[in-house]
1. List pairs: first residue in segment 76-91 and under 12 Å from residue 103 (Cβ atoms), second residue modelled with pLDDT under 65 and surrounded by fewer than 19 Cβ atoms within 10 Å (Cβ to Cβ) anywhere in the structure, Cβ distance under 6 angstrom, at least six positions apart or on different chains.
2. Given the conditions (1) at pLDDT 90 or above; (2) farther than 18 Å from residue 434 by Cα, report the number of the one that residue 375 does not fulfil.
3. Within segment 384-414, work out how many residues are touching a helix residue (DSSP H, G or I) at 6+ places or on another chain (Cβ under 6 Å) and modelled with pLDDT of 90 or more.
4. Among the helices (runs of 4 or more DSSP H) confined wholly to segment 448-567, which include 1 or more residues that are surrounded by fewer than 19 Cβ atoms within 10 Å (Cβ to Cβ), out of contact with any helix residue (DSSP H, G or I) (no Cβ under 8 Å at 6 or more places or on another chain) and assigned by TED's automatic domain parsing to the domain that holds residue 604?
5. Just to be sure I understand the filter: pairs with C-beta atoms under 6 Å, separated by 6 or more residues or on different chains, first member in segment 22-50 and within 27 Å of residue 108 (Cβ to Cβ), second member modelled with pLDDT of 70 or more and assigned to a loop (DSSP other than H, G, I, E, B). Which pairs pass?
6. Please enumerate the residues belonging to segment 257-304 that are closer than 26 Å to residue 237 by Cα and assigned to a loop (DSSP other than H, G, I, E, B).
7. Considering each of 269, 283, 260 in turn, give the residue that is crowded, with 22+ Cβ neighbours inside 10 Å, over 15 Å from the mean Cα position of the chain (by Cα) and more than 30 Å from residue 495 (Cβ to Cβ).
């Protein structure tokens, strides 16, 4: 057997641990290759929008590549930690440290080569499907047809071979500081019972509590101002949570005899504190990486909702036209002509929006008849006002909170009568910068000269909605862009520019999340041999198969979900702060994103737990 064959056989013999390392690396290569396919696609070159898409893809590929370096480095380091005893035995049999380093280098390069080639091949297999998905998400007018990406293949292959080469060099360098006695004893060396510092434990609670409080209480621009301090405080608090607070809680539970001596809890808690302390850095990294994934994707989806909802709320009708220019009649006739050409049947209404001096500022006021006409157009209930009655309309398209101020204002008519509103309602009937007043037609006629006015037309499609986009494109070409508004067209334009950001962010988030799950997998399997020996000994003392499965299930669940639960809480607080930044309720979007990630993690947990439990039971 040659030395190269020996290294190859080592990879095959350790396929259990190398499987996760290989598959994670393969997935990372595939994602990078996918972005390279997009970045070099012939359809994404030329105009400004597609140039932006290309730049976004290249930037995402760069982020993934940098993250991949640290992920693969960590994965390889974790794998080597679990092989200490093996290296020690090889040294006893005469292998020098230089030969061990060479063996590790060859093994890692072999895995890197297979992962790179495999990732490229998988990328080619799924390329067409991903291109079709991107075509819809990015809203690209041209078809993203499949092409053979020679440049993408070369860039991916060279980049990751270089990556694995430098990682292989680094991990072999790390090995040279290990002593034989350390390698042979491995995890058998006593670590001493972990203890928690009371001051650092209380500091963890204080930092997390303070970070959460500031993030949840900050409003508007204060959210941006508090972002960096909150992130720093929460990061430190999270690290202390896993290194100090978790150990403190476990030690307190162990001192509680009713808890510790209950059924199999003694087995669960016996080395849980050691595991939490040993895995603190991994848990911290997983929690923060997962939080970044939750927050990034949640923010992207939330911001998309804010943008599209603001368009929908500010324009409740299919088409609207505002103007103060001389071309009003000509442009309105052009709109009606285009709608007729596209066979779109509509109901329409017209009014003149007017603002008046109220409380030292210009505020919009509408008559009851005008309001009811437009409310009927969008299916809202009309209002009935008697003479002397005033109502504040809180416009649903904005969240600036002006209605709280308007409810305390008074309106003075030319007759000298002073009117004061007594209630506020919600409506999208008339467009407004913020909340406004409505009053009876009789009182509206007694208002002074307006400070501002603008002619406003609205059309609500009743038939032919599928041709709205075609009509919108004609309208935007023929009329001034700032005067005509089509909800469907505006949302489509937003998605053209926002789609690439969402697509890129989604892929990066997925890479981060998959990597976080892989970190947990490596840490769990690093202690597999030790767990086999421990539970083999305990089973001889009368531990049943059912009890063994119960202990393993609880232990695995705690180690697997502790950092994920922390990340979910961090993500929920971050997305709540985002809601406060935009004064927009993003509860549904936050729950959707966090639920999807939690569901994926639960599935991943069951898969890992199945194979982990199977390994332990086979040894017992």
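1. Between residues of segment 76-91 that are under 12 Å from residue 103 (Cβ atoms) and residues that are modelled with pLDDT under 65 and surrounded by fewer than 19 Cβ atoms within 10 Å (Cβ to Cβ), the close pairs are 91/180.
2. (2)
3. So the answer is 3.
4. Passing ranges, in order: 487-526, 528-539.
5. As it stands, the answer is 37/149, since those pairs meet every condition given.
6. Correct list: 271, 279.
7. Testing whether each residue is crowded, with 22+ Cβ neighbours inside 10 Å, over 15 Å from the mean Cα position of the chain (by Cα) and more than 30 Å from residue 495 (Cβ to Cβ) leaves just 283.
This table checks each residue for (1) touching a helix residue (DSSP H, G or I) at 6+ places or on another chain (Cβ under 9 Å); (2) at pLDDT 80 or above; (3) not assigned by TED's automatic domain parsing to the domain that holds residue 464.
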{"position": "255", "(1), (2), (3)": "no, no, yes"}
{"position": "262", "(1), (2), (3)": "no, no, yes"}
{"position": "278", "(1), (2), (3)": "yes, no, yes"}
{"position": "302", "(1), (2), (3)": "yes, yes, yes"}
{"position": "333", "(1), (2), (3)": "no, yes, no"}
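The values are calculated or read from the model by the stated rules, or taken from the named source; none is laboratory data. For clarity, every value in this text was computed on a predicted model and none was experimentally measured. Ideal geometry is used to build each Cβ from the backbone, glycine not excepted, and the neighbour counts take in all protein chains shown.
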